[in-house]
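Handing you this structure, nothing more for now.
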Amino acid sequence: MAKAPEPVDPHADIATLGYEAARDELVALVARLEGGQVGLEESMSLWSRGEALAAHCSRWLDAAEARLTGDETP
């Protein structure tokens, strides 16, 4: 029997973004959500991507802080 395909992570590309690119996308995404011109399904998708972008930015900043303070174990 054929094996079911592995689910694709819709946010996998976020890991390749630098801090500034991720932050800029997050800012634009928040503006779209605050504009109120997107439907519920798209809002939920945007919210999910925003959460992933925010987590990526947070990890990026934590790693930068660790490098600056000499604590390389974030």
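With springs only between Cα atoms under 10 Å, which of 24, 13, 62 fluctuates most in a Gaussian network model of the chain?
For the chain, modelled as a Gaussian network with Cα springs under 10 Å, the answer is 13.
What's the extension gain from residue 32 to residue 63 if we count 0.36 nm per residue and subtract their Cα-Cα distance?
8.3 nm
How do 23, 59 line up, fewest other C-beta atoms within 10 Å first?
By the 10 Å Cβ count, ascending, the order reads 59, 23.
Only Cα pairs within less than 10 Å get springs; with that Gaussian network setup on the chain, which residue of 25, 41, 51 has the largest fluctuation?
41
Further, regarding this structure: Relative to the Cα centre, what is the charge dipole magnitude of the chain, using +1 at the beta carbon of each Lys and Arg, -1 at the beta carbon of each Asp and Glu, and rounding to the nearest 20 debye?
That gives the chain a dipole magnitude of about 120 debye.
Using 0.36 nm per residue of separation minus the Cα-Cα distance, give me the extension gain between residue 20 and residue 47 in nm, one decimal.
In short, 7.8 nm is gained.
Readers should treat all values here as calculations from the given coordinates under stated rules, not as data from a laboratory. What you see is a predicted model; the values in this text were computed from it and never measured. When we count neighbours, we look across all protein chains shown, and the Cβ atoms used for this are built from the backbone with ideal geometry, even at glycine.
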